[in-house]
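Colleague: I have a structure here, written as structure tokens, and I will follow up with some questions on it.
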Number of protein chains: 2
Amino acid sequence: MTKLETLGARAKAVEHRLGIMSSDEKNRGLLLAANALLDRKEEILAANREDQKRAEQNQIKEALLDRLRLTEERIEGIAEGILQVAALEDPIGEVLSMKKRPNGLLIGQKRVPIGVIGIIYEARPNVTADAFALCFKTGNPVILKGGSDALSSNKKIVEVIRDALAGEGFPADALLLIEASDRETTKEFMRLRGYVDLLIPRGSAGLIRSVVENSTIPVIETGSGNCHIYVDESADLDMALDIIHNAKTQRIGVCNSCESLVLHKSIVERFVPRLVERLDGVEIRGDEEVCKVSKYVLPAVEEDWGTEYLDYILSVRTVNTIEEAISHINRYNTKHSESIITKDYFRAEQFLNEIDAAAVYVNASTRFTDGLEFGFGAEIGISTQKLHARGPMGLRELTSLKYIIYGNGQIRK
Amino acid sequence: MTKLETLGARAKAVEHRLGIMSSDEKNRGLLLAANALLDRKEEILAANREDQKRAEQNQIKEALLDRLRLTEERIEGIAEGILQVAALEDPIGEVLSMKKRPNGLLIGQKRVPIGVIGIIYEARPNVTADAFALCFKTGNPVILKGGSDALSSNKKIVEVIRDALAGEGFPADALLLIEASDRETTKEFMRLRGYVDLLIPRGSAGLIRSVVENSTIPVIETGSGNCHIYVDESADLDMALDIIHNAKTQRIGVCNSCESLVLHKSIVERFVPRLVERLDGVEIRGDEEVCKVSKYVLPAVEEDWGTEYLDYILSVRTVNTIEEAISHINRYNTKHSESIITKDYFRAEQFLNEIDAAAVYVNASTRFTDGLEFGFGAEIGISTQKLHARGPMGLRELTSLKYIIYGNGQIRK
């Protein structure tokens with residue numbers, strides 16, 4: 001057995017135990033973990049300082065340094081997050097659609113854990129505790145592979161949680177950390193079939209691509225967002241401006257922010273000057289029609305349509321019909337979040353029906369695609385793929401189903 | 001573009017059109033396909049005779065030859081199968097759980113097609129038409145890669161269905177066949193990311209393993225079944241014998257037949273002689289306790305516990321407690337179908353809760369794990385994995401969901 005297989009076997013060994021724990025027990029484990037993180041705050045901060053020092057020596061960018069940094073307040077936030085997960089309803093054990101067959105068999109579907117979940121993520125130590133809480137609540141052992149930048153923090157957080165669990169007789173191996181950070185280990189992790197049942201990569205497009213290419217384990221991709229807003233000819237233009245302003249600028253650098261507008265040609269002349277004014281500080285790159293209307297618009301090139309800027313830049317494209325808008329969006333989007341601004345009933349419905357994305361909006365900002373905003377209470381990521389889970393993933397998306405069948409001697413004829 | 005990429009692009013090109021077809025339209029397409037198969041029966045039989053001739057020359061086993069063979073009656077059965085799919089309720093467009101958020105956003109989940117589905121299967125030409133019907137009904141273009149043994153039959157069936165669709169203005173590229181059967185083509189198919197959204201391998205364990213190892217596309221495995229029946233000390237032994245006889249012998253060679261018994265030690269002495277008598281013609285391989293009771297039982301070796309015989313052979317193991325039974329089954333099963341025979345309420349519930357399998361039964365034969373028996377009307381296979389679909393997969397399992405959100409100007413605070 002390799003070192004990683006041994007780790008996998010340890011996770012598998014507690015899978016059954018975790019799967020049959022009651023919600024009360026699981027919530028008690030979460031409470032222990034949250035309290036331990038608060039009690040041992042100083043140790044965690046010290047470990048985090050080591051990471052920060054190393055990061056500074058490696059001349060890491062300030063934005064990344066900030067994501068890496070823990071403070072007393074942030075640790076309290078992490079503990080609070082664990083308690084919020086404890087307060088959520090436990091999806092495990094729920095029975096869906098119990099139906100009686102003509103032969104008397106009663107067939108239902110019961111929500112069960114998925115099994116061992118592997119998560120590969122980059123330098124944000126809060127993910128370590130979040131991921132543990134969501135997986136523990138759903139009865140799934142979790143093996144984490146964090147970024148090397150946050151290794152000291154991650155090791156300490158994992159140690160604190162494991163100690164807290166073990167101290168009260170809970171299986172500490174519910175939470176395991178891969179400490180090695182070389183490529184070979186990551187690759188072996190992706191092929192730990194038989195030990196890991198689901199792999200969730202969270203991070204750069206490059207990381208996700210590598211997981212998809214190499215993994216022999218089922219993967220849920222949490223992809224990037226090239227999100228569009230289509231302003232229809234019937235749109236309330238004031239509403240459109242408010243929504244676009246919100247979706248573009250309320251938070252730059254997140255996957256559900258707006259990267260591209262599609263405008264019906266009949267409104268371009270009226271709308272673009274107002275847009276330019278409202279989006280002061282945002283670079284606008286438009287097609288020919290858009291450029292004609294305002295000297296503040298730069299000409300867009302083909303590459304712009306497919307780019308997730310994560311910056312104060314917005315591309316704008318003109319279309320003659322809603323069909324053209326739909327086909328443009330379906331071609332260039334990353335299947336994340338798309339919105340139409342319209343007063344027209346039929347166009348609203350057509351957009352909802354025909355756009356291929358995890359979340360399709362009418363008259364609202366794309367920024368709402370988020371587990372908390374959708375009412376899930378917590379989120380492990382946003383899936384931009386179509387299998388198993390699509391859109392924000394909460395507790396329910398970390399579960400599987402099994403058929404349970406009550407008989408009284410039935411045999412097949 | 002390679003030849004396969006061109007095929008993928010053709011499927012992608014009709015995806016949108018198929019996705020927005022009404023149920024009426026889709027049912028009309030299925031009716032056309034069924035009628036065309038009946039009208040052009042002679043051509044199909046002629047093509048099938050070519051396959052049979054080639055198979056005979058290759059000295060293929062009689063069982064396989066039988067699976068390959070088409071008759072007038074079998075073609076009628078295939079057409080009838082397509083009509084049955086037409087009669088099923090269309091899952092596409094169903095909206096689940098529409099909920100109002102505090103900010104007034106109305107958020108629901110709508111059932112949508114998955115996209116292009118790839119299916120790799122072995123020599124059964126009926127799968128060609130079945131798979132088309134299920135995918136067409138759910139608005140998914142399908143690319144088939146059948147076994148080389150059935151190539152002439154598959155080509156003809158696909159031609160007939162495509163002609164029927166094209167003749168009435170339906171997109172013929174809803175159904176595409178990969179004709180090349182070399183390993184390189186199959187491997188390229190598994191990596192046709194961007195063109196194929198889901199890959200379903202149906203066939204030998206070797207095929208499935210190869211797909212899992214090589215695919216960069218999400219896969220749903222339709223695995224093998226090492227199914228157990230546990231006879232508890234409180235069991236009605238007559239019922240146990242009936243169920244075991246049914247699960248073992250009603251149809252040999254299917255994945256939901258029983259391969260292994262687990263007996264509570266307290267019933268071994270009474271039960272094994274009756275079992276041996278009832279399963280006349282079945283070779284029984286038991287552990288030491290079982291062998292002691294009957295001279296007709298052969299000694300089992302370790303390998304027996306993990307073997308799916310698909311034959312008139314049954315392994316039998318003794319346990320001291322239900323916990324031991326559960327742990328034995330969870331260790332050796334293939335997560336397919338498991339059953340307990342008991343009169344005890346708590347043990348029934350414990351078995352349902354703790355066994356890790358797609359279908360867990362109390363007092364019934366494992367043979368019921370099947371789309372028709374579960375009331376789905378049709379089945380594309382039985383998933384033994386935990387993501388997206390588990391157990392028999394009907395129309396619903398060939399769909400995805402997207403969030404649809406109705407707003408009236410909401411922006412995120």
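Colleague: Within the group B:Leu105, B:Leu88, which residue is within 14 Å of another protein chain (Cβ to nearest Cβ) and touching a Gly at 6+ places or on another chain (Cβ under 8 Å)?
Modeller: Result of the check over B:Leu105, B:Leu88: B:Leu105.
Colleague: I've got another one for you. Does A:Ser339 satisfy the criteria of being under 25 Å from B:Gln109 (Cβ atoms) and either at pLDDT below 95 or touching a Ser or Thr at 6+ places or on another chain (Cβ under 6 Å) (or both)?
Modeller: Against the criterion (under 25 Å from B:Gln109 (Cβ atoms) and either at pLDDT below 95 or touching a Ser or Thr at 6+ places or on another chain (Cβ under 6 Å) (or both)), A:Ser339 qualifies.
Okay, residues lined up against (1) of a type outside the set (A, V, I, L, M); (2) farther than 20 Å from B:Arg111 by Cβ; (3) in contact (Cβ under 8 Å) with a residue 60 or more places away in the chain; (4) within 10 Å of chain B (Cβ to nearest Cβ):
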position	(1), (2), (3), (4)
A:Phe374	yes, no, no, yes
A:Gly377	yes, yes, yes, no
A:Gly381	yes, yes, yes, no
A:Lys386	yes, no, no, yes
A:Pro392	yes, no, no, yes
A:Leu398	no, yes, yes, no
A:Leu401	no, no, yes, yes
A:Ile404	no, yes, yes, yes
A:Gln410	yes, yes, yes, yes
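Colleague: Can you pull out every residue in the stretch B:205-235 that is closer than 30 Å to B:Ile340 by Cβ and either part of a loop (DSSP other than H, G, I, E, B) or among the acidic types (Asp, Glu) (or both)?
Modeller: B:Ile220, B:Glu221, B:Thr222, B:Gly223, B:Ser224, B:Gly225, B:Asn226, B:Asp232, B:Glu233, B:Ser234, B:Ala235
Colleague: Kindly establish whether B:Leu198 is farther than 27 Å from B:Glu338 by Cα and within 13 Å of another protein chain (Cβ to nearest Cβ).
Modeller: Yes.
Colleague: In addition: Can A:Thr307 be described as more than 30 Å from the chain's Cα centre (by Cα) and away from chain B (no Cβ under 14 Å)?
Modeller: In short, no.
Colleague: In addition: Just checking, which of B:Pro125, B:Pro113, B:Pro141 is of a type outside the set (Phe, Trp, Tyr), within 14 Å of chain A (Cβ to nearest Cβ), touching a Ser or Thr at 6+ places or on another chain (Cβ under 8 Å) and in contact (Cβ under 8 Å) with a residue 60 or more places away in the chain?
Modeller: Answer to the selection: B:Pro113.
Colleague: Being surrounded by fewer than 16 Cβ atoms within 10 Å (Cβ to Cβ) and either closer than 30 Å to B:Thr186 by Cα or among the β-branched types (Val, Ile, Thr) (or both) is the filter here, so list the residues in the stretch B:200-252 that pass it.
Modeller: Correct list: B:Ser204, B:Ala205, B:Gly206, B:Arg209, B:Glu213, B:Ile252.
Colleague: Report, by residue number, each residue of the stretch A:236-261 that is among the small types (Gly, Ala, Ser), within 11 Å of another protein chain (Cβ to nearest Cβ) and assigned to a loop (DSSP other than H, G, I, E, B).
Modeller: Across the stretch A:236-261, the qualifying residue is only A:Ser257.
Colleague: I need the full set of residues from the stretch B:260-277 which are within 16 Å of B:Ile341 (Cβ to Cβ) and either touching a Gly at 6+ places or on another chain (Cβ under 9 Å) or crowded, with 16+ Cβ neighbours inside 10 Å (or both), in order please.
Modeller: Within the stretch B:260-277, B:Ser260, B:Leu261, B:Val262, B:Leu263, B:His264, B:Ile267, B:Val268, B:Phe271, B:Val272, B:Leu275 meet the criteria.
Colleague: Looking only at the stretch B:326-336, decide whether some residue is aromatic (Phe, Trp, Tyr), in contact (Cβ under 8 Å) with a residue 60 or more places away in the chain and at the interface with chain A (Cβ under 10 Å from one of its Cβ atoms).
Modeller: No, because not a single residue in the stretch B:326-336 is aromatic (Phe, Trp, Tyr), in contact (Cβ under 8 Å) with a residue 60 or more places away in the chain and at the interface with chain A (Cβ under 10 Å from one of its Cβ atoms).
Residue-by-condition table, conditions (1) modelled with pLDDT of 95 or more; (2) over 24 Å from B:Glu72 (Cα atoms); (3) assigned to a helix (DSSP H, G or I):
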position: B:Gly93; (1), (2), (3): yes, yes, no
position: B:Ser97; (1), (2), (3): no, yes, no
position: B:Pro102; (1), (2), (3): yes, yes, no
position: B:Val112; (1), (2), (3): yes, yes, no
position: B:Leu134; (1), (2), (3): yes, no, yes
position: B:Glu159; (1), (2), (3): yes, no, yes
position: B:Phe170; (1), (2), (3): yes, yes, no
position: B:Asp173; (1), (2), (3): yes, yes, yes
position: B:Phe189; (1), (2), (3): yes, yes, yes
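Colleague: Which residue pairs have Cβ atoms under 7 Å apart, sit 6 or more places apart or on different chains, and have a first residue in the stretch B:156-175 that is basic (Lys, Arg) and a second that is part of a helix (DSSP H, G or I)?
Modeller: As it stands, the answer is B:Lys156/B:Glu43; B:Lys156/B:Ile44; B:Lys156/B:Ala47; B:Arg162/B:Ala172, since those pairs meet every condition given.
Colleague: Could you identify the single residue in A:Asn48, A:Asn58 that is touching a Leu at 6+ places or on another chain (Cβ under 9 Å) and under 26 Å from A:Arg124 (Cα atoms)?
Modeller: Checking each option against the conditions leaves just A:Asn48.
Colleague: Based on what the data block shows, is A:Ala180 outside any helix (DSSP H, G or I), in contact with an Asp or Glu (Cβ under 7 Å, 6 or more places away or on another chain) and modelled with pLDDT under 95?
Modeller: Considered against the rule, which asks whether it is outside any helix (DSSP H, G or I), in contact with an Asp or Glu (Cβ under 7 Å, 6 or more places away or on another chain) and modelled with pLDDT under 95, A:Ala180 comes out as no.
Colleague: Quick check on the stretch A:55-73: of everything there that is at pLDDT 95 or above and assigned to a helix (DSSP H, G or I), which residue is surrounded by the most Cβ atoms within 10 Å (Cβ to Cβ)?
Modeller: Filtering the stretch A:55-73 for residues that are at pLDDT 95 or above and assigned to a helix (DSSP H, G or I), the one surrounded by the most Cβ atoms within 10 Å (Cβ to Cβ) comes out as A:Glu72.
Colleague: Anything in the stretch B:353-370 that is more than 19 Å from A:Gly104 (Cβ to Cβ) and more than 7 Å from chain A (Cβ to nearest Cβ)? List them, or say none.
Modeller: B:Ile355, B:Asp356
The values are calculated or read from the model by the stated rules, or taken from the named source; none is laboratory data. Everything numeric in this text was worked out from a predicted model, so none of it was measured. Every residue, glycine as well, gets a Cβ built from its backbone with ideal geometry; the counts of neighbours run over all protein chains shown.
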